[in-house]
Amino acid sequence: MKKLIAANWKMNFTMAEAREFVSHILQDAKNYPDILDKAEFLICAPSVYLSALSKFSKEGVMTIGGQDCSFHGKGAYTGEISAEMLRDVGCTHVIVGHSERREYHGEQNDLIAGKAQSAYKNGIKAIICVGESLKERDAHLHKEVVKRQLLESVPKEATAENTVISYEPVWAIGTGKTPSPKDAGEMHNFIRALITKHYSGGENMRILYGGSMNSENAKELLSTPNVDGGLIGGASLNVDKFFAVAKCA
Ligand code: PGA
């Protein structure tokens, strides 16, 4: 399985910077074609840029994704963006249930499952995020918390074709801290066992790691069993640093 090297730009960049970034990635991928045997890129950009960026999208090289979608199909939901709209502008993926959505927008597991189903209906892959807080990890509740988030926010109809899981310990996001390879491996194995048991094709579903991944720690994290790629925030804001993560794959 190729590693998925996914950028989560969050609320960053101007249109010009965004265009410059994706052209740069395509050029780098041309210069280092071996990388594409091992990795593919996904850029999850602010929604206002998606239409312009999807013109650069190339299957197997670099595709474009949204950072969130509505769980409604369409209608009077001011400010919302539907999965159908994301597909319409060329997105292949959408992140749902990121911890920043869970924390700042009060999103709960059932809403997140609804968003994933909305993505499925429109032929878009849902990247469903799960992860424990520091308090939960310190209290040794991390597995219990992740299990609950997973089983409640990943819909029954999830398969390896329509779903990617992203394990993102909240305490690692934007902090420069990462779990040890042993701890990351333990959680990824735990998630693999859970999704294999509960979802059809769970043994082939991609599980990304997210939280302060960068070119210094990516080699170790990406060579951990059941780590099938990364969801990268901070280090995806500099094209050279982001490409360096892919080189680690
Ligand atoms: P980070 O963000 O790489 O800046 O920790 C990852 C994420 O929030 O997806």
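Does Arg101 qualify as being more than 16 Å from the chain's Cα centre (by Cα) and crowded, with 17+ Cβ neighbours inside 10 Å? For Arg101, the condition - more than 16 Å from the chain's Cα centre (by Cα) and crowded, with 17+ Cβ neighbours inside 10 Å - is not met.
Residues are listed down the side, and each one gets a yes or a no for (1) more than 26 Å from Ala246 (Cα to Cα); (2) surrounded by fewer than 17 Cβ atoms within 10 Å (Cβ to Cβ):
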| site | (1), (2) |
| --- | --- |
| Phe71 | yes, no |
| Leu86 | no, no |
| Gln108 | yes, yes |
| Ser118 | yes, no |
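Reported count of residues in segment 142-178, each being touching a strand residue (DSSP E or B) at 6+ places or on another chain (Cβ under 6 Å), hydrophobic (A, V, I, L, M, F, W, C) and more than 15 Å from the ligand (Cβ to nearest atom), is 3. Evaluated against (1) more than 18 Å from Phe242 (Cβ to Cβ); (2) without any contact (Cβ under 8 Å) to a residue 12 or more places away in the chain, Asn31 falls short on exactly one condition, (1).
Condition first: among the polar types (S, T, N, Q) and under 27 Å from Gly106 (Cβ atoms). Can you find one or more residues in segment 222-237 that meet it? Yes, some residue in segment 222-237 is among the polar types (S, T, N, Q) and under 27 Å from Gly106 (Cβ atoms). Give segment 189-246 a look and list any residue that's under 30 Å from His24 (Cβ atoms), away from the ligand (no atom under 12 Å from the Cβ) and assigned to a helix (DSSP H, G or I), or say none. Selection gives Lys219, Glu220, Leu222, Val239, Asp240, Phe243, Ala244, Ala246.
Between a first residue in segment 1-22 that is modelled with pLDDT under 95 and a second residue that is within 16 Å of the ligand (Cβ to nearest atom), which pairs have beta carbons less than 7 Å apart while being 6 or more apart in sequence or on different chains? So the pair list comes out as Met1/Arg206; Met1/Asp228. The residues on offer are Leu150, Leu194, Leu208, and the sole one that is in contact (Cβ under 8 Å) with a residue 60 or more places away in the chain and touching a Leu at 6+ places or on another chain (Cβ under 9 Å) is Leu208. Scanning segment 59-69 for residues that are on the phi < 0 side of the Ramachandran plot and exposed (fewer than 13 other Cβ atoms within 10 Å of the Cβ) yields one hit, Glu59.
Residues in segment 67-90 that are touching a residue at least 40 places away in the same chain (Cβ under 8 Å) and more than 14 Å from Lys121 (Cβ to Cβ) were compared, and the one that is farthest from the ligand (Cβ to nearest atom) is Gly90.
Residues in segment 133-147 that are more than 17 Å from Glu100 (Cα to Cα) and not in a helix (DSSP H, G or I): 3 in all. From the list Lys115, Lys121, the one residue that fits, being more than 18 Å from the chain's Cα centre (by Cα), among the charged types (D, E, K, R) and under 22 Å from Leu151 (Cβ atoms), is Lys121.
The values are calculated or read from the model by the stated rules, or taken from the named source; none is laboratory data. Keep in mind that what you see is a predicted model, and the values were worked out from it rather than measured. Please note: Cβ atoms are built from the backbone with ideal geometry, for glycine as well, and neighbour counts cover all protein chains shown.
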